[in-house]
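Report on the following structure.
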Amino acid sequence: MAEMEQENALDDSQLVNKPMWFEFVLNEELLEQHLAQNPPDPSATALIQQFLNQAEISQKLAKDDKEGAAKQQGQDNNTVENEDGGDVEKRLRRIHTLKLLAMKSAAYLKWDLSILQDKLPLMVVQAVLLELLCCTLNDDWEVTKHTTLDYTSIPDEAWFALQLYHRCCVQCVIQESFPHRQTQSANIVLPGQPAVLPGQPDPATQLQEANSHVLIQIKEQLSISGQVLNMCLHNCRHLRVPTLQCFGAMSDSGSLFQWEKGDVLSKDQVQCQLLYDLGCLRFYEQNYTEAHELFTETKTLLDKISECPSSTGWEGQIERSRLEGYCTACHALNNMQAPEVKAKSSILEQIQQCKRLRTNDALVDLLLKDNETRELSRSYRQTLQDDLIYDRDVYISLYTCNTVHRLLDAEPQVCTHYMAMIHDFTSQQLAFLFKALDRAGRMATKDQKHHIRNFLRSVLSRLSVQTSEILPLLTQNNLMQYIENSDSLQILLAAESRPCFKPDTSLNHWETHSNEPGVLEKALLLSYDPAEIKAILQQLHPKLGWAVKGLNEKWKLHRELQAIFDSFPQGLNQSWCFIVVAKARQALQMKLYSKAKELLLTAEKTIKEFSYKLVKLIRWEVLLADLLYYQRHGTVMEGVAKPELLKKAKACVTAYRLESDIKPGLETMTYSLAFLLCVEEWEYICHATNTTNEYIQFARAVAETCKELPDIQNARKPSRNLWDTVVQLYSGTGGQKSMEQLSQHSFLTFALKIQGSLCLRVLLSCVTKLYSIVKDTTCEISCEYISLWPTALPTSGGINQSALGDGVWRLMDHSIETSPNNAQLLRTKADIHYACQQYMAAVQSYLEAGAVSSHYFSQPVPLNIYNDALYRRLIKCCSNLNNHTQVIVLCQLLDDVDYSLAFKSAQEKGTCDAMDTYYDFIWDITILEYLANLHHNRGEEDKQQIALKAISCYELNSSNTEEILHQAVEKRKLKFLRTLANQYCRDNSS
């Protein structure tokens, strides 16, 4: 509490000590002391605005006083000297002092235009620069007189003020021509300030209008600014930059200026800045030849200046990256050959140069370098690889670079096709692979090095190259660090020609070294052949006994199986059976279902001799392998009939439900339930009563609902049970129900095992409806069977919204993975993104929904997918993404064209899309005519011509038949939607 009081007291003291603008007027020395603070509060730019605002207010008051005095003097014949004359003189003195303080603050910022233009309104920047012109030029400060001055004889301070003012004008005009986002800030009324009443002017609007008026004046005088800068360039010289000390205090005779105290600026620095700004002006005027010459001179001078930096601290506002961009643009626009790529160029620029010169070796080296710097996108690298498929050696090198790049990103199946090629690699290609891994490993993180280690092991197990050739390559490329010891390396290299998890049938590869320490253990870990495992155990078991099962921590069995094995006497057969079953479980985890089933059936034949109970449990494991295979591939394993699998799944659920003596594991039972839901065995599941198992009860609630569909009326009653279950699951009030309640984790785990499309759509609609109620969104979410569920909850305060949102997205992703071409699911996903204000993702999903339902927009999208409401949402998404031209095109797709919204979007300048490129997709003549007129008023002749060209298209002639007009509309609509899909639905890996 004491600390809080101390902090509050400190804040109050800071507010009290914060100086006000009039304190600087009363004590002119205070400004320099204040600006010396780090950082000053208020800042120098804030003070400039305050000083000039107060000066403007004082000027208005002085003008009013003068007019009042003149009126009073005209009414009174016996005029006497105005007693308020002294007050007027004081007010004028205050005005001059305020303007002087504003210039001092700008001098403190070293007249940096980038800071002034960024922090201050345009009218304020112009005001302070015009005051500097008044102080230095006296009667010749008017802009129209600047071209008649003699630039060889005017003082340094005047010369500086002239070039600074006109450079600012040029930069403002150029900056205004760039696309920019419009700032829409609300006028917030602070405590103690009067609100803006209806009929009163809005300060924000007034400021915007004033800035627009100033900008118009600057544009009208742009030719004068160009002439002045040219004259300054031809009469360039050393200058003195006015500093804060140059502006003295006010005296009775006026302001005292000491220009000799300014900082000296070299001729090269002045010339460099003038060349750059003139080059920008010529580029703006589309005089690209002269602009290129000016930019080239700027680069030469800038390099010279950078070698001898100025001691004054004043540097021109030249960004090297922008200057390079201007030069590159001039090269292209003038059809000039670009200069040779230097070492400082980006990797992308160097690659473009290599493509032009066809230097493929250098291209490969650049991709190796990019594996360390990570500058290029994955899609661009893939394009480079595809372009050189005709040259096999270069193609394999690029393929290797891209494989290593993906490896560092931990992409799951990064090497499927590449690993198949490794078996036929030559020594040179293998050496390049090791080189790529070595270079990538230098900048790799700990996790990335782990990926390299695992990848290298897989590579070594597939090579056909001799070990004597591999070891020097590994050593030369510093890859031995990824192999823990030489024994691991020898074992990996011994398996040269065998595929992963398919052991060599000959036992010589370990029998010849069986006396060496660790060889038998490692051979046992690698083998998946039951006969080989038994042969290894015959030599290893006398040494280790029952402890052999602890060689691998991943040899884990579920509780029922583990209990039976623990009860067995220790022996060779028991150890072999345990290891074979454990390896089968390990194979299941690696999705090698056929191999797992083979191991289990082999173990079953031996287990028959000493344990019927264990045989039964093994058969449940075989059933699990069959179910997992069906879930992954959508069909039964070879040699298994679907009716037989269905019968076994029912027997499994029944045994678990009735709690038989030898019941299956929970995992097998849940996969059996998921399989029965997938094949729509509603009758069996609905009659699975007399149980307290939460999974069976939940599956029964789902089955009872699905059984009545598509009849919504009959399904409403059973769906209520499912709704209550899901609500209690996410509200933590499951104790009120008679059945045992699933946990949120158990619910998701079980739901993600279900592959049946109907079950998933019902579950998804249930959780989606609950999510929309809890989130209290006004956006309606389109979803199948949404009318099944209640429209409100008694109270939503107890719902875990975070867990529910996670459940919705995980179930959504699983549903789309199961049915990737279901347009309704994709639209539901888009609606959820839209409700969460994730506009980019929403547009992407909306377009995916349309694409899958229309063969990628080759035919009209069905109305149940794309309707008026969806187009409205697309419009809002594109508007929030500042893609205003796309909004214009989308306005045509509405049932009633929204012209007001289309015209408003056309007036936006801060658009981020391809702008007039989309005009070819507009078929509404009214919109096209508006665009043509708008561009004419703005002086944008090239864009106006594009709009006029679109209007004159013969397909849009109003004299055409309805059929021709309809075909023209459909053609443009589908082409536009394909263009949007190419933009938003491209590979996100880039």
Assuming R0 = 25 Å, what is the FRET efficiency of GLU293 and GLU142, from their Cβ-Cβ distance, to the nearest 0.05? 0.20
Cα centroid distance between region 637-673 and region 855-925, in Å? 54
Modelled FRET efficiency - R0 22 Å, ASP387 with ILE347, Cβ distances, 0.05 increments: 0.85
Karplus-derived 3J(HN,Hα), 6.51/-1.76/1.60, for each residue of region 850-855, Hz, glycine and proline x: x, 5, 6, 9, 9, 6
Amide H contacts under 5 Å for ASP263, restricted to residues at least 5 apart in sequence or on another chain and with H modeled in the peptide plane, are VAL241, THR243
Which lysines does LYS975 reach when only Cα atoms under 30 Å apart count, and residues fewer than 8 places away in its own chain are ignored? LYS829, LYS876, LYS904, LYS909, LYS943, LYS949
For region 351-460: accessible area per residue (Å², 1.4 Å): 49
If each residue of separation counts as 0.36 nm, what is the full-extension length gain between CYS779 and LEU894 once their alpha-carbon separation is subtracted? 39.5 nm
What whole-number value in Å² describes the accessible area per residue of region 831-908 for a 1.4 Å probe? 39
Hey, can you rank 34-40, 267-273 by average C-beta count inside 10 Å, highest first? 267-273, 34-40
On the accessible surface of region 857-972, probed at 1.4 Å with all protein chains in place, carbon and sulfur together account for a percent value of 50
Distance between modelled label sites at ASP447 and HIS936, nm, 7 Å Cα→Cβ extension: 5.9
Rounded to the nearest 10 Å², the 1.4 Å probe accessible area of SER266 is 40
Packing-wise, with mean Cβ within 10 Å as the measure, how do 930-940, 836-846 rank, highest first? 836-846, 930-940
Using the per-residue mean of other Cβ atoms lying within 10 Å as a proxy for protection, in what order, highest first, do the peptides 398-404, 350-356 fall? 398-404, 350-356
At what distance in nm do the modelled label points of LEU207 and SER306 sit from each other, each positioned 7 Å from its Cα along Cα→Cβ? 3.7
With r defined as the distance between the Cβ atoms of HIS423 and ASN454 and R0 fixed at 30 Å, what FRET efficiency is calculated, to the nearest 0.05? 0.95
Using unit Cβ charges (K, R positive; D, E negative) and no other charged atoms, how large, in debye to the nearest 20, is the dipole of region 896-943 about its Cα centre? 220
At a Cα cut-off below 26 Å, give the lysines reachable from LYS60, other chains included and same-chain residues fewer than 8 away excluded. LYS71, LYS90, LYS99, LYS104, LYS119
Once phi is turned into θ = phi - 60°, what whole-Hz ³J(HN,Hα) does the Karplus curve with 6.51, -1.76 and 1.60 give for every residue of region 890-900, x standing for Gly and Pro? 5, 4, 6, 7, 5, 4, 10, 4, 8, 5, 4
Here are some pairs, LYS145/LYS267; LYS663/LYS717; LYS534/LYS595; which of them have Cα atoms lying more than 22 Å apart in this structure? LYS145/LYS267; LYS663/LYS717
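The values are calculated or read from the model by the stated rules, or taken from the named source; none is laboratory data. Not measured: the values here are computed from a predicted model. Glycine also receives a Cβ, built like all others from the backbone with ideal geometry; neighbour counts cover every protein chain displayed. Just the protein is used for accessible areas: all its heavy atoms, side chains included, with ligands, DNA and RNA removed. Shrake-Rupley method; radii C 1.70, N 1.55, O 1.52, S 1.80 Å.
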